[in-house]
Amino acid sequence: MNPGFLPAGPVLNNVKRRKMRDVTRTLEWFLADPRCTKWILQCSACLQYGRKEETPASIPKARFEEMFPVMHLDERGLCEVCQQVEDEK
Ligand SMILES: [Zn+2]
């Protein structure tokens, strides 16, 4: 029997990699749906995603509110955190 066929190491690596890909796929899954993107905001400085405060509770996607916390962008397209950073300059 060839010990080179033991899959222990590579299997562990695959599990880790698959988890990371799931995170990306989840975000893309939301961003690919116009029913969601309609309500999604993105800060032009830190590129964080958020949702509009008036987003209806009827978004047909699980965990939408968890993934996209309410965000308020100013006229420069900056989130609250970046607004503070900019204002302190
Ligand atoms: Zn920001």
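Determine which residues of region 42-68 fall in the zone a paramagnetic label at Ala32 would reach in this model, i.e. backbone nitrogen under 16 Å from the point 7 Å along Cα→Cβ. Counting backbone N atoms under 16 Å from the label point, the list is 61-62. 3J(HN,Hα) along region 51-68, derived from phi through the Karplus expression 6.51 cos²θ - 1.76 cosθ + 1.60 where θ = phi - 60°, amounts to 10, 5, 4, 8, 4, x, 6, 9, 4, x, 9, 5, 6, 4, 5, 5, 6, 10 Hz, with x in place of Gly and Pro.
Amide H to amide H, with H built 1.01 Å from N, Val70 comes under 5 Å of Arg51, counting only residues 5 or more places away or on other chains.
Each of the peptides 31-38, 72-79, 56-63 was scored by the mean count of other Cβ atoms within 10 Å over its residues; in descending order, highest first, they stand as 72-79, 31-38, 56-63.
Converting phi to 3J(HN,Hα) with the Karplus coefficients 6.51, -1.76 and 1.60 and the offset θ = phi - 60°, region 34-40 yields x, 5, 9, 4, 3, 10, 8 Hz in sequence order, with x at every glycine or proline.
Read-outs throughout are calculated quantities, based only on the coordinates presented, and are distinct from any laboratory measurement. Remember, predicted model here, so these are calculated numbers, not experimental data. Here the Cβ is made from the backbone with ideal geometry for all residues, glycine too, and neighbour counts use every protein chain on show.
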